[in-house]
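Notes to accompany the following structure.
Read the figures in this text as sums done on the coordinates, not as results from a lab. Note that this is a predicted model, so its numbers are computed, not measured. As a convention, Cβ positions derive from the backbone with ideal geometry for all residues, glycine included, and neighbour counts pool all protein chains shown.
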Amino acid sequence: MGRRPFARGGSPIAIEHLRLAGGAGDVPAIERAAEALRSGALVAFPTETVYGLAANADLPEAVDRLYEAKGRDRSKPCTVMIADRGSAERLAAGAAGEIPRVAAKLMRIYWPGPLTIVVGSGAGAIGMRLPADRRARALVSAAGVPVLAPSANRSGEPEPRSGDDVIAQLGDAVDVLLDGGEISGGVPSTVVMVDGEEAHIVRAGAIEPEEVLGATLMMVLFVCRGNSCRSPMAEVVFERELAKRLSAAGRSDELRRWRVISAGTDSPSGSAAHERARQAVEEAGLDLSGHKPRSLTVDAIDKADLIFTMEGRQRDSILGIVPDAAGKVMLLDPRGGEIADPAGNSIASYRLCRDKIADCVRRRVEEL
């Protein structure tokens, strides 16, 4: 790419095609691009998905040039690229008053990464993305200004995967090109709009829509050792008690926003719930015939909003894997007691375990 003059403070300067080779050697190029971005330049740069086109959102003339370069309808807002989650909190405060629970959960699970989250409504809506690409985050951080950053293509045209693609579509409308070579991904970020507890996909992308929407549910996870008796019993009892409470409050439609699962800290020892556990819950009008034991995963821990364990050692195991989960992991018994494993004992022991679980679950549902 040739050089072209760009005015900053009344004096024209030359903006180069800056190549990124990786490592510390990229710092001068990124800092130079950030300086130009602050001054009103349009900067094309690589992300983990496609190349983006950045403009200083505080400069109306830069924003105008961005829309003109892309041929984009001004009624369609552009994504704000951020360098950290603290920036998201500040932006969301202006758009929605605070970050909705669903948006905060998606940020926790998928950021940094290829997910754009839109909060607020109408003209005040704002889309935010924290990219996984360190070069993109470094550019935004070094710029120190709000950065609008849609993909670096003409609207309706293919998203660019290389610096050459950017030049082919936008030509000298770009002032600075941070050229990181060809991107292997090539699929733009998934865009999800969050409105209170509701979410819907605006654009399918790098993360499957079903996965994103599944993660927005209020997820309750019950954990025991083998996931063949205590935690699956707690799972079905909780589902029943939650449905009863929501129905009594005239909010049965909210049940669709919940997901209740169970898992074990050990590898499953069988392919179904324990026979006596099935019998005990069947006597209470519940069904475990379709339960298949599963092992606890980091993904389940991350996506859970509430995690209840039968014993303290399961809580310790979870925190040993994901220390940040401390605020959502607790014993099922709100009084601090443990629920002993009935494995190897008589059906009477399973009934006693079922009844204790049911009492603890009712107390926990009342806390919601």
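Structure notes:
- Computed magnitude of the charge dipole of segment 217-367 (debye, nearest 20; Cβ of K, R +1, Cβ of D, E -1): 180
- Close Lys pairs in the chain, defined as Cα atoms under 23 Å apart and 8 or more places apart or on different chains, number 7.
- Measuring max minus min along each principal axis, the C-alpha atoms of the chain give extents of 86, 43, 33 Å (largest first).
- Centre separation in Å (Cα based) which lies between segment 223-258 and segment 304-344: 17
- Relative contact order (%) - the chain, alpha-carbon pairs under 8 angstrom, separation at least six: 16
- Cubic angstrom per residue, convex hull over Cα atoms of segment 4-214: 112
- Two-decimal log10 I(q)/I(0) for segment 217-367, as the Debye equation yields it once each C-alpha is a single scatterer, q = 0.09, 0.10, 0.16 Å⁻¹: -0.25, -0.31, -0.83
- For the chain, DSSP calls about 45 percent of its internal beta bridges antiparallel.
- Percent of beta bridges antiparallel (DSSP, segment 4-214, rounded to nearest 5): 65
- For the chain, a Gaussian network of Cα nodes joined below 10 Å ranks 34, 142, 168 by mean-square fluctuation, and the top entry is 168.
- Each other residue within a Cβ distance under 14 Å of residue 221 adds +1 if Lys or Arg and -1 if Asp or Glu, for a net charge of +3.
- Evaluated with a Cβ-only charge set (Lys, Arg +1; Asp, Glu -1), the chain carries a dipole of roughly 480 debye about its Cα centre, given to the nearest 20.
- Most positive-pole-ward Cα, 86, 122, 18, against dipole of segment 4-214 from beta carbon charges: 86
- Farthest toward positive dipole pole in the chain [+1 Lys/Arg, -1 Asp/Glu at C-beta], among 200, 184, 56: 200
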